[in-house]
Amino acid sequence: MELLLGIVIVVTCWMVVRIIRSSKNQEGYKRWRAGNYASENPYAKEKASGPLSQGLFSKRVRTTGVRRFDDGAIRWCANLLATEESRLREVLDYIPRQYTCFHVRKRSGGFRYISAPAGDFRSMQQTIYHRILLLANIHPAVTGFCPGKSVSGNARVHLGRKNVLKVDLHDFFPSIRSPRVRAAFREMGYSRPIAKVLAELCCLRCCLPQGAPTSPALSNIIAYPMDKKMMALAGEYGLVYTRYADDLTFSGDYLPKDEVLVRIHRIIREEGFTMNVKKTRFLSEHKRKIITGVSVSSGKKMTLPKVKKREIRKNVHYVLTKGLVGHQEHIGSTDPVYLKRLLGSLCYWRSIEPDNRYVSDSITALKRLM
């Protein structure tokens, strides 16, 4: 019994000594990190909370840091973006830190994940868009995110067509990976090192983020070969083809659905995208036709869908009769720009139905409340 007690005491003392030594080593490691690493990485203190996590974070930063980029490319890009080289290196050091991420509810249900660039990083992306991407060639069939084009313009070209085939691309932005983005900048004439920096600034976790001002334009540029093939396919069957972001629309008086769908699916797969089969719709002559949120069912003029009209009318009525505050309290809304959003919906309605007297009168009435 005494022997067993002695063994327990010895083992306990040995464990206490190991814990004390480990604690001292950790404190020394923390002091080393504070003196040697935090000055190199402005994010280390916030991102790392313990020796183990610091070690992991340290490894990540070393493997993904700005040393991957050519000094000359960084200098050129900093000049383009009108920023300091040190700031550009700081941004490139850890891109995810430059975004604010959140979810928004989809009209069809579920949520959409948004990654919005913050602060001066957004200005950098806007500069890339205006000084580079806006000058690139976009296929004529593209109607989304192009100056002078809109959802109503996308629907207008299909007005009066007997048959409509709507095809949706699954995870459009996430499916465009960083190698394709680098290749796009290379095709625009930029050197490999510069294309690498520009692609890094436009991607988040190796793909195009939804919410960045550069993503729509880059997707249009990268999808050019697909649009070219789709246009050629439409021409073979006497169809009209347009694409608004991830929505592909074909229309014509004669549209052999099954035959055309097989070829569409093949083109989509060849170009590195995925077709969302659940959202594929074939609308024959006598079916209701809504294209990118605009009804072309009459065959003669575009209108806003009836469901959307009823919703806007209801909100306008209650704002004008109960007052803005009373209406928002009734529906449980705390949106500080609710009135502006409602006016925006009315202006969109007017862009589709410019001769609608109710819309014009409602806009005038709501503006008096501002």
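The values are calculated or read from the model by the stated rules, or taken from the named source; none is laboratory data. None of the values given here were measured: they were computed from a predicted structure. Neighbour counts run over all protein chains shown; Cβ positions are idealised from the backbone, glycine included.
Quick one: which residue in 336, 354 is more than 22 Å from residue 155 (Cβ to Cβ) and assigned to a loop (DSSP other than H, G, I, E, B)?
Values: 354 fails: more than 22 Å from residue 155 (Cβ to Cβ).
Criteria check complete, one pass: 336.
Can you give me the number of residues within segment 260-300 that are charged (D, E, K, R) and either at pLDDT 95 or above or surrounded by 14 or more Cβ atoms within 10 Å (Cβ to Cβ) (or both)?
Summing the residues that are charged (D, E, K, R) and either at pLDDT 95 or above or surrounded by 14 or more Cβ atoms within 10 Å (Cβ to Cβ) (or both) in segment 260-300 gives 8.
What number goes with the only condition from (1) surrounded by fewer than 20 Cβ atoms within 10 Å (Cβ to Cβ); (2) in contact with a Phe, Trp or Tyr (Cβ under 9 Å, 6 or more places away or on another chain); (3) farther than 24 Å from residue 227 by Cβ that residue 117 does not pass?
Residue 117 satisfies every listed condition except (1).
Which strands (runs of 3 or more DSSP E) does segment 147-259 wholly contain that include 1 or more residues that are surrounded by 18 or more Cβ atoms within 10 Å (Cβ to Cβ), more than 19 Å from the chain's Cα centre (by Cα) and of a type in the set (A, V, I, L, M)?
Correct list: 163-168.
Could you tell me which numbered condition residue 137 fails, if it satisfies all but one of (1) over 29 Å from residue 81 (Cα atoms); (2) touching a residue at least 60 places away in the same chain (Cβ under 8 Å); (3) surrounded by fewer than 16 Cβ atoms within 10 Å (Cβ to Cβ)?
Every condition holds for residue 137 apart from (1).
What number goes with the only condition from (1) under 31 Å from the mean Cα position of the chain (by Cα); (2) of a type outside the set (A, V, I, L, M, F, W, C); (3) loosely packed, with under 15 Cβ neighbours inside 10 Å that residue 353 does not pass?
Of (1) under 31 Å from the mean Cα position of the chain (by Cα); (2) of a type outside the set (A, V, I, L, M, F, W, C); (3) loosely packed, with under 15 Cβ neighbours inside 10 Å, only one is false for residue 353: (3).
Residues that are closer than 12 Å to residue 121 by Cα and at pLDDT 50 or above, at least 3 per element: which helices (runs of 4 or more DSSP H) completely within segment 43-106 meet that? Explain how you work it out, then say what you get.
Numbers: elements: 44-47, 51-64, 71-80, 85-93.
The helices (runs of 4 or more DSSP H) meeting that bar are 85-93.
Report yes if some residue within segment 305-325 is part of a loop (DSSP other than H, G, I, E, B) and within 30 Å of residue 170 (Cβ to Cβ); otherwise report no.
Yes: segment 305-325 contains one or more residues that are part of a loop (DSSP other than H, G, I, E, B) and within 30 Å of residue 170 (Cβ to Cβ).
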